[in-house]
Amino acid sequence: MIVNPYLNFYGNAEEAFQFYQSVFGGELLIQRMSEAPGTENLSDKEKNMAMHVSLPIGNGQHLMASDCIEFQGMTLTLGNNNYISLSTDSREETDRIFHALSVGGIVEMPLEDMFWGDYFSSFKDKYGVCWMLMYTNK
């Protein structure tokens with residue numbers, strides 16, 4: 001089983017994923033609303049929004065997203081009901097990802113060694129996406 005987190009944005013999915021690409025690397029795939037049938041009545045702004053965005057984040061997994069189009073009955077509500085939890089391969093990788101993704105965001109739990117044995121942090125990035133990072137000392 002592969003878990004692919006899927007995020008929703010309102011008009012800034014491409015911007016967010018360019019940021020995520022700067023952290024994780026990989027080739028960014030962006031499909032626009034204008035590529036879908038039945039979108040001729042959308043505004044130019046809506047036609048340019050992301051219908052689907054995908055970024056490989058390792059081990060066959062992808063971080064994916066789309067922009068919500070209210071015309072199609074989709075609304076966006078930001079909240080803490082979803083976290084993307086990344087299990088890293090080293091403390092150094094954990095530090096790098098934390099320091100890159102948390103810029104401009106809100107740190108809930110600072111990156112530190114926890115009582116259960118993991119090197120861990122949780123935070124919300126500048127786009128309102130909640131993350132958990134953990135490195136398990138083996």
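Throughout, read-outs are computed from the coordinates displayed, never taken from laboratory work. Only a predicted model underlies this, so the values are computations on that prediction, with no experimental measurement involved. Counting neighbours? That spans all protein chains shown, and the Cβs are built from the backbone with ideal geometry, glycine included.
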Counting only DSSP beta bridges with both residues in the stretch 42-138, what percent are antiparallel, rounded to the nearest 5?
-> 75
Rounded to one decimal in nm, the spacing of the 7 Å Cα→Cβ label points at Tyr10 and Asp113 is 4.4
Over all directions, what mean area does the Cα convex hull of the stretch 34-138 project, stated in square nanometres?
-> 8.5
Give me the angle, in degrees from 0 to 90, between the Cα long axis of helix 13-24 and the longest principal axis of the Cα atoms of the chain, rounded to the nearest 10.
-> 30
Tilt, helix 91-101 to longest principal axis of the chain (alpha-carbon atoms), in degrees rounded to tens, equals 40
How high is the relative contact order of the stretch 1-107, in percent, with contacts defined as C-alpha pairs under 8 Å that are six or more residues apart?
-> 31
Where does the chain land at 222 nm, in deg cm²/dmol rounded to the nearest 500, when only DSSP H runs of n ≥ 4 count, each adding -39500 (n - 2.57), divided by all residues?
-> -5500 deg cm²/dmol
